[in-house]
Amino acid sequence: MQRDYDYLIIGAGMAADSAARGIRESDPDGSIGIVGEEVDPPVARPSLSKKLWTDPEFDLEKSWLGTEETGAALHTATRIRSVDRAARTATAEDGDVFGYRRLLLATGGHPKQLDLPADDRVVHFRTMEDYRRLRGLSGEGRHVAVVGGGYIGTELAAALVQNDTRVTFVFPQEFVGGASYPRELAEQLSEDYASHGVQLRPGTRVTGGSADQEGVHLELSDGSTLDVDGVAVGLGIAPAVQLAEDAGLAVDDGIVVDACGRTEDPAVYAAGDVARWPDPILGRTRVEHVENATDMGTAVGKAMAADLRGEDAEPYTHTPSFYSDLFDVGYEAVGTLSADLDLVTDWKVPPGTGEIAQGVVYYLEGDRLRGVLLWNVWDSTDAARELLAAERGYTADDLVGAIPNG
């Protein structure tokens, strides 16, 4: 069977939903098809590790994005195996063929995998189905290991322990968030996790494991073992570029696109987690956060519609921010957060005082500003962008006080 669409979107995440809405703003009548390998329609992905665990008034129904409002035809649980750019078709594993006039690759990424048994109690966390599985493994005092000290790992460890679950947090850094935050902040964050009942296993990796009717048994790099009821793995994602690569498109840690989301094929675009685009502030980059998925998706959807009509498309020029909430603290950030850079801290309330820390951290590479962390400081991402965009070098004296620290 072949279905033909004016706009075909491969991937059914937040970028796909936003692209469909962007198309609709410019083209109320063009046909849109969305093909996704997940069993669910597009969902507000941040809720899977945030509000669904921490906000009793935020239920599952509030997570759906309502993509059907765009009139797009949704084809879920469908994996595309190949794209034929000459024929302008995409073929699914079941043999169904989807034709297009314009194609958007919003394929996102796949969770990085541990070498563990394929078992329902091991969840490499990414999708709504993963959330359902992890919910079933949590609560009632069950014991879950969270593996990975990055963005998803820190959120899941906090979420689970607040939902009647014993949590052992396995991560390679010396402190929670140690790869991203100043040492004094990471030390304080580790104390916060421990005070909430999270058992910390810093400086440790999972090297193997097994599963039986009693549970999952992890082997750790320090020679110890860990017996748990379930495992939540949050090691980040690998961008899903195979379709693009097989179709002969340029790939470099993501699908390479221009400022309008176009690949070198003028009928094929990419957006969201999988796209590597020329950000006006950060340079060519790829960002795995919700603001980029939604804003870039909308912009590229509009560009597809403009190109199809032969009109000038508007480039995507927004430098995205990202955020997280961890127990009673939260942050917003722009750019690169790496503890390997030179850090300039401007605390209103320093970590370790017994009060909730508050302040701004600047990340320098030489004299060039690469990132800004706003720790319990809100509504200042535009100010951070202005600093990052300036074509100049900075000293510590230049930066302290540049953004109000609270």
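Looking at Ala77, Ala73, which is the one that is under 29 Å from Gly150 (Cβ atoms) and aliphatic (A, V, I, L, M)? Reasoning before the result, please.
Values: Ala73 fails: under 29 Å from Gly150 (Cβ atoms).
Checking each option against the conditions leaves just Ala77.
With the structure loaded, tell me whether Glu187 is under 21 Å from Leu137 (Cβ atoms) and either acidic (Asp, Glu) or surrounded by fewer than 19 Cβ atoms within 10 Å (Cβ to Cβ) (or both) or whether it fails that test. Reasoning before the result, please.
Details: under 21 Å from Leu137 (Cβ atoms): no; either acidic (Asp, Glu) or surrounded by fewer than 19 Cβ atoms within 10 Å (Cβ to Cβ) (or both): yes.
Judged against the criteria, Glu187 is not a match.
Working only within region 388-403, note down all residues that are open to solvent by 30 Å² or more (accessible area, probe 1.4 Å), in a helix (DSSP H, G or I) and in contact (Cβ under 8 Å) with a residue 12 or more places away in the chain. Full working, then the answer.
Let us first name the residues in region 388-403 that are open to solvent by 30 Å² or more (accessible area, probe 1.4 Å), namely 389-392, 395-398, 400-402.
Add one more test, that the residue is in a helix (DSSP H, G or I), and what stays is 389, 396-398.
Correct list: Ala389, Ala396.
Could you check how many residues of region 74-126 are in contact (Cβ under 8 Å) with a residue 12 or more places away in the chain and closer than 26 Å to Glu219 by Cα?
Here the count works out to 16.
What tally of residues in region 112-162 results from selecting those that are part of a helix (DSSP H, G or I), under 22 Å from Glu38 (Cβ atoms), modelled with pLDDT of 95 or more and under 17 Å from the mean Cα position of the chain (by Cα)?
Number of matching residues: 9.
Among the residues of region 72-111, how many are of a type outside the set (S, T, N, Q), more than 12 Å from Tyr7 (Cα to Cα) and not in a strand (DSSP E or B)?
Result for region 72-111: 11.
Restricting the search to region 299-321, which residues are of a type in the set (Ser, Thr, Tyr) and open to solvent by less than 40 Å² (accessible area, probe 1.4 Å)?
If the condition is that a residue be of a type in the set (Ser, Thr, Tyr) and open to solvent by less than 40 Å² (accessible area, probe 1.4 Å), then Tyr316, Thr319, Ser321 are the ones that fit.
Here's the yes/no breakdown for (1) in contact with a His (Cβ under 9 Å, 6 or more places away or on another chain); (2) touching a residue at least 12 places away in the same chain (Cβ under 8 Å):
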position: Ile281; (1), (2): no, yes
position: Val287; (1), (2): no, yes
position: Val290; (1), (2): no, yes
position: Asp295; (1), (2): yes, yes
position: Ala299; (1), (2): yes, yes
position: Ala306; (1), (2): no, yes
position: Asp312; (1), (2): no, no
position: Thr317; (1), (2): no, yes
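What pairs come out if I take residues in region 184-203 that are within 15 Å of Val144 (Cα to Cα) and in a strand (DSSP E or B) and pair them with residues that are open to solvent by less than 40 Å² (accessible area, probe 1.4 Å) and among the small types (Gly, Ala, Ser) whose C-beta lies under 7 Å away, six or more apart or interchain?
Sorted first by the residue in region 184-203, then by its partner, the pairs are Leu200/Ser190.
Within region 44-53, is even one residue open to solvent by 50 Å² or more (accessible area, probe 1.4 Å), at negative phi, of a type in the set (A, V, I, L, M) and at pLDDT 95 or above?
Looking through region 44-53, none of the residues is open to solvent by 50 Å² or more (accessible area, probe 1.4 Å), at negative phi, of a type in the set (A, V, I, L, M) and at pLDDT 95 or above.
Residue check: is Gly136 surrounded by fewer than 21 Cβ atoms within 10 Å (Cβ to Cβ) and without any contact (Cβ under 8 Å) to a residue 12 or more places away in the chain? Reasoning before the result, please.
Numbers: surrounded by fewer than 21 Cβ atoms within 10 Å (Cβ to Cβ): yes; without any contact (Cβ under 8 Å) to a residue 12 or more places away in the chain: yes.
Considered against the rule, which asks whether it is surrounded by fewer than 21 Cβ atoms within 10 Å (Cβ to Cβ) and without any contact (Cβ under 8 Å) to a residue 12 or more places away in the chain, Gly136 comes out as yes.
Among the residues of region 369-385, which ones are surrounded by 14 or more Cβ atoms within 10 Å (Cβ to Cβ) and not hydroxyl-bearing (Ser, Thr, Tyr)?
Of the residues in region 369-385, the ones surrounded by 14 or more Cβ atoms within 10 Å (Cβ to Cβ) are 369-377, 380-381, 383-385.
Within region 369-385, Leu369, Arg370, Gly371, Val372, Leu373, Leu374, Trp375, Asn376, Val377, Ala383, Ala384, Arg385 qualify.
For region 21-40, does any single residue satisfy the condition of being closer than 24 Å to Phe322 by Cα, open to solvent by less than 60 Å² (accessible area, probe 1.4 Å), among the small types (Gly, Ala, Ser) and assigned to a loop (DSSP other than H, G, I, E, B)?
no
Considering only region 323-342, state which residues are in a strand (DSSP E or B), free of Cβ contacts under 8 Å to residues at least 40 places away in the same chain and buried (at least 17 other Cβ atoms within 10 Å of the Cβ). Quick ask: steps written out before the conclusion?
Pass one, region 323-342, residues in a strand (DSSP E or B): 323-326, 329-335, 342.
Filter again for free of Cβ contacts under 8 Å to residues at least 40 places away in the same chain, leaving 323, 342.
Of everything in region 323-342, nothing turns out to be in a strand (DSSP E or B), free of Cβ contacts under 8 Å to residues at least 40 places away in the same chain and buried (at least 17 other Cβ atoms within 10 Å of the Cβ).
Can you tell me which residue among Asp164, Asp119 is out of contact with any helix residue (DSSP H, G or I) (no Cβ under 8 Å at 6 or more places or on another chain), closer than 29 Å to Leu243 by Cα, surrounded by fewer than 18 Cβ atoms within 10 Å (Cβ to Cβ) and among the acidic types (Asp, Glu)?
Details: Asp164 fails: closer than 29 Å to Leu243 by Cα.
Just a single option satisfies the conditions, and that option is Asp119.
Is region 86-97 home to any residue that is under 28 Å from Ala159 (Cα atoms), modelled with pLDDT of 95 or more and among the small types (Gly, Ala, Ser)? Write out each step before concluding.
Residues of region 86-97 under 28 Å from Ala159 (Cα atoms): none.
No, region 86-97 contains no residue that is under 28 Å from Ala159 (Cα atoms), modelled with pLDDT of 95 or more and among the small types (Gly, Ala, Ser).
Applying the selection to region 55-68, what residues are assigned to a helix (DSSP H, G or I), free of Cβ contacts under 8 Å to residues at least 12 places away in the same chain and open to solvent by 100 Å² or more (accessible area, probe 1.4 Å)?
Of the residues in region 55-68, the ones assigned to a helix (DSSP H, G or I) are 60-63, 67-68.
Now narrow it down to the ones that are free of Cβ contacts under 8 Å to residues at least 12 places away in the same chain: 60-61.
Glu61, the sole residue that qualifies.
If we keep just the residues of region 85-111 that are closer than 30 Å to Gly234 by Cβ and over 24 Å from the mean Cα position of the chain (by Cα), which is surrounded by the fewest Cβ atoms within 10 Å (Cβ to Cβ)?
Glu93
The values are calculated or read from the model by the stated rules, or taken from the named source; none is laboratory data. All values derive from a computational prediction rather than experimental measurement. Quick reminder, even Gly has a Cβ in these numbers, built from the backbone with ideal geometry, and neighbours come from all protein chains shown. Accessible surface areas use protein heavy atoms only, side chains included; no ligands, DNA or RNA. Shrake-Rupley method; radii C 1.70, N 1.55, O 1.52, S 1.80 Å.
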